[in-house]
Amino acid sequence: MDIAALSMAMSTTQLKQQSSLAMMDKVKGDAEERGNQMVEMLEQSVPHPDLGNRIDVKG
């Protein structure tokens, strides 16, 4: 294989790696954002005041 072809192959491989890393970084950021939104939603939810305070044992 000549030097020019080897250089092109290495450049293509490097480009693929960089684009894969950029995509994974974006996906990670999106997942973190959705997680933060879920935490905020759960913090804002108000549980029912009587939920879990009484047990019906009459059956």
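The rows are residues; the columns are (1) surrounded by 10 or more Cβ atoms within 10 Å (Cβ to Cβ); (2) assigned to a loop (DSSP other than H, G, I, E, B).
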residue: Leu6; (1), (2): yes, no
residue: Ser11; (1), (2): yes, no
residue: Ser20; (1), (2): yes, no
residue: Leu42; (1), (2): no, no
residue: Asn53; (1), (2): no, yes
residue: Asp56; (1), (2): no, yes
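Return yes or no: is Val27 under 16 Å from the mean Cα position of the chain (by Cα) and at pLDDT 95 or above?
It is true that Val27 is under 16 Å from the mean Cα position of the chain (by Cα) and at pLDDT 95 or above.
The values are calculated or read from the model by the stated rules, or taken from the named source; none is laboratory data. Everything quoted here is computed from the prediction, not taken from an experiment. Glycine also receives a Cβ, built like all others from the backbone with ideal geometry; neighbour counts cover every protein chain displayed.
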